[in-house]
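Just below is one structure, and these are the notes that go with it.
The values are calculated or read from the model by the stated rules, or taken from the named source; none is laboratory data. If you're wondering where the values come from, they're calculated on a predicted model, not measured in any experiment. All Cβ positions, even for glycine, are placed from backbone atoms using ideal geometry, and neighbour counts span all protein chains on display. Accessible surface areas use protein heavy atoms only, side chains included; no ligands, DNA or RNA. Shrake-Rupley method; radii C 1.70, N 1.55, O 1.52, S 1.80 Å.
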Amino acid sequence: MGRDGSHPRRGDPGSGGWRDFAEVSAELDEWLDARAWTTGDGPKALFDAAAGWLRERSVLLPGASRQARLVGNVGEAANQRLWDTLYGLLNTGQRAVLDSLLTVPAGSRVSELDRLRCGPVRVSGPQMKWSLARAEEIADLGMGELDVSGLLRTSWRC
């Protein structure tokens, strides 16, 4: 710290060679994007990893909100790339099946997707039987035919 309590900047006497965040923000953005895509890390882990990356490179840390915004944007971009990639793998019939899951049948209060998402609430024989029937119904949707071998397993966030 400087005598006036401010943080030293590059080029200031006594700055110790610390670089300004603006000099490396594009490089950090690329590094975070690759990490978000390959590891599936959430926002907190990405935030901590970014802080470590900056410290290792002697970069003055930005404000927490600026770093959180950067991490959030990178995470959203990685998620969007995943969804776009998955959407591109679907054929027209599969897209129609998924769209039909979003409709709420007449006389029902929830969509088919919500109905399939809800699992058993207690452990019992009838609930196990119902769960197996539900799993079969999900398998019959035909999404298991998708070739997702080109996607990194760790980029899936559920």
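Per-structure values
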read-out	value
L89 being surrounded by 12 or more Cβ atoms within 10 Å (Cβ to Cβ) and at pLDDT below 90	no
Complete set of residues in region 85-121 that are part of a loop (DSSP other than H, G, I, E, B) and closer than 25 Å to D147 by Cα	L90, N91, L101, L102
Tabulated pairs, region 138-154, first more than 17 Å from Y87 (Cβ to Cβ), second at pLDDT below 85 and not in a loop (DSSP other than H, G, I, E, B), C-beta under 8 angstrom, 6+ apart or interchain	none
Members of region 122-144 that are assigned to a helix (DSSP H, G or I), open to solvent by 70 Å² or more (accessible area, probe 1.4 Å) and farther than 16 Å from E112 by Cα	P126, M128, K129, L132, G144
Residue count, region 100-143 (criterion: within 18 Å of L90 (Cβ to Cβ) and not small (G, A, S))	10
Hey, L151 outside any loop (DSSP other than H, G, I, E, B) and not hydroxyl-bearing (S, T, Y) or not	no
Flag for A106 being open to solvent by 70 Å² or more (accessible area, probe 1.4 Å) and more than 28 Å from the chain's Cα centre (by Cα)	yes
Counted residues, region 48-84 - those being assigned to a helix (DSSP H, G or I) and either loosely packed, with under 15 Cβ neighbours inside 10 Å or within 13 Å of the chain's Cα centre (by Cα) (or both)	22
Failed item in (1) out of contact with any Lys or Arg (no Cβ under 6 Å at 6 or more places or on another chain); (2) surrounded by 11 or more Cβ atoms within 10 Å (Cβ to Cβ), with G40 passing the rest	(1)
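Rundown of residues vs (1) of a type outside the set (G, A, S); (2) out of contact with any Pro (no Cβ under 7 Å at 6 or more places or on another chain); (3) closer than 25 Å to G40 by Cα, yes/no style:
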position: W83; (1), (2), (3): yes, yes, yes
position: L89; (1), (2), (3): yes, yes, yes
position: G107; (1), (2), (3): no, yes, no
position: S131; (1), (2), (3): no, no, no
